[in-house]
Amino acid sequence: MTDKIERSATRVRGFENNEMDFQLLRQLGAGAYGGSSAGECFHAVSLMKDETPEEWVRAFADLGERQVEDAARRKSRGHGISARDQYLKASNSFRAAEYYTFVDSPEHRELGIKSRNAFIAAMDFARHTFETVEIPFEDMTLPAYFMAPDGSRGKRKTKVMISGFDGTMEETYFQGGHAAIERGYNLMLLAGPGQMDTLRFFPERRFRPDFEKPVAAALDWLLKRPDVDHSLVALQGISFGGYFSIRAGCHDERIRALIPNAAILNLHSYIVSMAGFDAAEMTDSEDVTAEMLAGDVPDLPAAQRELARAIIARFGKPTLKKTFQYLKEFRVTPDDLRRIRCPSLALVGVGEGGAAAKDCETFCKSVSGPSAKYVFTREEGADSHCQFGNLSFGAAVVYDWLDDLFSNVAR
């Protein structure tokens, strides 16, 4: 402390590593709907001297603990709104810490459960309704949340949202879920086999390409509700969830509007474009396991090493080569896309690269129903994957389109 007057001791800076910098943008972006604060995020960054995943986990896990303890104190004094806000931030801090923990570790599940519990605690003070749901599916149950603007019994338009590789239902609430409720929609947040929420309860379940099946089970449950208008059901997929939503749209006509963000048509090609190499072409001597990646790998930054390790584990294959070979099953063909007859809106940011833009264009040209696309720009602050830099603007694009569409249907 000095006598010098300054505006702030907090410094606005990110990371040299691109992946960690993107994760910081992702965390900051959730602040638009109460999922973070800029000051706390930048303080967490200041604690990471070596910019490693281990430091990230420690900083955000500690932040989550402070926030949830503060929330509990405010709740005990009868300050419900303040408690809600702190619980929401705690939920997303634990999610951020969960991201860089290995998926099969006890710490990963512990942080995931803490994120879920903090979110549920926040919902005690929400202005909308909230239900935790377990949907029967094969020999397991699918976790879901259902929310409505109020407790009235009238039929409403409904938005179903699915996240992707490492997103959670709690995070999806910040990525467009709360925006749906504000606009008068019912909201269903859903997770399927292999997704983060499901792994908390069924850790042996890995990703599967036929995601239309868990979505069908969720729609079976949803459409039995008296407060859901069957003619006004939209499905949005976030990130890898864009592929999930497209698969469902190819097989289920109960989906009346489809919003893939991003429009991933071939997961193998998508990840190859992102990684810059195709591990399916590796020789057996070059192949690596998740255990090998847990050690030091020359010329591979720690953040990318952890991502490769997570990919192997999440798809349930023994090596990186076999995982990339399996990824080829996660695709939709032009013939599949022609089965989509409902209106669709495909989203992409200019910062996502040419391969993502090409998928978006192919999707729009191939579906049978009316299609539209929106390309987010740097000027809009939304050019990144899933519009993390400007979630409220992303919501405006989605819900203005959807409101106009469903208004015409209602007439």
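The values are calculated or read from the model by the stated rules, or taken from the named source; none is laboratory data. Since the model is a prediction, treat every value here as computed from it, not as a measurement. As a convention, Cβ positions derive from the backbone with ideal geometry for all residues, glycine included, and neighbour counts pool all protein chains shown.
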Some residue of region 202-214 being modelled with pLDDT of 95 or more, crowded, with 18+ Cβ neighbours inside 10 Å, assigned to a strand (DSSP E or B) and assigned by TED's automatic domain parsing to the domain that holds Gly151: no
Scan of region 148-163 for residues that are within 20 Å of Arg254 (Cβ to Cβ) and surrounded by 21 or more Cβ atoms within 10 Å (Cβ to Cβ), ordered by number: Ala148, Lys157, Thr158, Lys159, Val160, Met161, Ile162
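For (1) over 19 Å from the mean Cα position of the chain (by Cα); (2) among the hydrophobic types (A, V, I, L, M, F, W, C), each residue gets a yes or a no:
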residue: Val133; (1), (2): no, yes
residue: Ser152; (1), (2): yes, no
residue: Thr158; (1), (2): no, no
residue: Gly164; (1), (2): no, no
residue: Met169; (1), (2): no, yes
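Does Glu19 meet the test of being within 19 Å of the chain's Cα centre (by Cα) and modelled with pLDDT under 90? Give the derivation first.
Numbers: within 19 Å of the chain's Cα centre (by Cα): yes; modelled with pLDDT under 90: yes.
Taking the combined requirement at face value, the residue satisfies it.
Matching residues to (1) over 24 Å from Cys360 (Cα atoms); (2) in contact with a Ser or Thr (Cβ under 8 Å, 6 or more places away or on another chain):
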site	(1), (2)
Asp220	yes, no
Ile238	no, yes
Tyr243	no, no
His251	no, no
Arg256	no, yes
Ala262	no, yes
Ile271	no, no
Glu291	yes, no
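Each row is one residue, and each column tells you yes or no for (1) within 29 Å of Phe315 (Cα to Cα); (2) surrounded by fewer than 20 Cβ atoms within 10 Å (Cβ to Cβ); (3) among the β-branched types (Val, Ile, Thr).
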| site | (1), (2), (3) |
| --- | --- |
| Arg26 | yes, no, no |
| Leu47 | no, yes, no |
| Thr52 | yes, yes, yes |
| Arg58 | yes, yes, no |
| Ala72 | no, yes, no |
| His79 | no, yes, no |
| Lys89 | no, no, no |
| Ser115 | yes, no, no |
Hits in region 212-236 (condition: free of Cβ contacts under 8 Å to residues at least 60 places away in the same chain and small (Gly, Ala, Ser)): Ala216
Residue among Glu40, Glu54 that is part of a helix (DSSP H, G or I) and at pLDDT 95 or above: Glu40
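Where in region 247-344 are the helices (runs of 4 or more DSSP H), entirely inside, with at least 1 residues that are crowded, with 17+ Cβ neighbours inside 10 Å and touching a Leu at 6+ places or on another chain (Cβ under 6 Å)? Walk me through it before giving the result.
Numbers: elements: 267-275, 290-293, 302-315, 320-327, 334-337.
Fully inside region 247-344 and qualifying: 267-275, 302-315, 320-327.
A quick yes/no check of all residues on (1) part of a helix (DSSP H, G or I); (2) surrounded by 19 or more Cβ atoms within 10 Å (Cβ to Cβ); (3) not assigned by TED's automatic domain parsing to the domain that holds Ala234; (4) not charged (D, E, K, R):
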{"residue": "Val348", "(1), (2), (3), (4)": "no, yes, no, yes"}
{"residue": "Asp359", "(1), (2), (3), (4)": "yes, yes, no, no"}
{"residue": "Ala372", "(1), (2), (3), (4)": "no, no, no, yes"}
{"residue": "Gly381", "(1), (2), (3), (4)": "no, no, no, yes"}
{"residue": "Gln387", "(1), (2), (3), (4)": "yes, yes, no, yes"}
{"residue": "Ala396", "(1), (2), (3), (4)": "yes, no, no, yes"}
{"residue": "Ser407", "(1), (2), (3), (4)": "yes, no, no, yes"}
Residues (part of a loop (DSSP other than H, G, I, E, B) and within 14 Å of Gly389 (Cα to Cα)) located in region 8-33: Gly14
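Would you confirm whether or not region 114-137 contains a residue that is of a type in the set (Lys, Arg) and assigned to a helix (DSSP H, G or I)?
From region 114-137, those of a type in the set (Lys, Arg) are 114, 116, 127; that's our starting set.
The next check asks that each one be assigned to a helix (DSSP H, G or I); those that pass are 114, 116.
Yes, that holds for at least one residue.
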Residues (under 28 Å from Leu405 (Cβ atoms) and of a type in the set (A, V, I, L, M)) located in region 161-211: Met161, Ile162, Met169, Ala179, Ala180, Ile181, Leu187, Met188, Leu189, Leu190, Ala191
Subset tally (residues that are closer than 20 Å to Thr129 by Cβ, in a loop (DSSP other than H, G, I, E, B) and either touching a Phe, Trp or Tyr at 6+ places or on another chain (Cβ under 6 Å) or among the basic types (Lys, Arg) (or both)) for region 148-200: 3
Long-range neighbours under 6 Å by Cβ, at least six apart or interchain, first residue without any contact (Cβ under 8 Å) to a residue 40 or more places away in the chain and more than 13 Å from Ala396 (Cα to Cα) within region 175-194, second among the hydrophobic types (A, V, I, L, M, F, W, C) and assigned to a loop (DSSP other than H, G, I, E, B): none
Pairs with Cβ under 8 Å, 6+ apart, first in region 338-361 and of a type in the set (S, T, N, Q), second assigned to a loop (DSSP other than H, G, I, E, B): Ser344/Val367; Ser344/Gly369; Ser344/Pro370
Qualifying residue in region 13-31 (condition: without any contact (Cβ under 8 Å) to a residue 60 or more places away in the chain and within 20 Å of Met196 (Cα to Cα)): yes
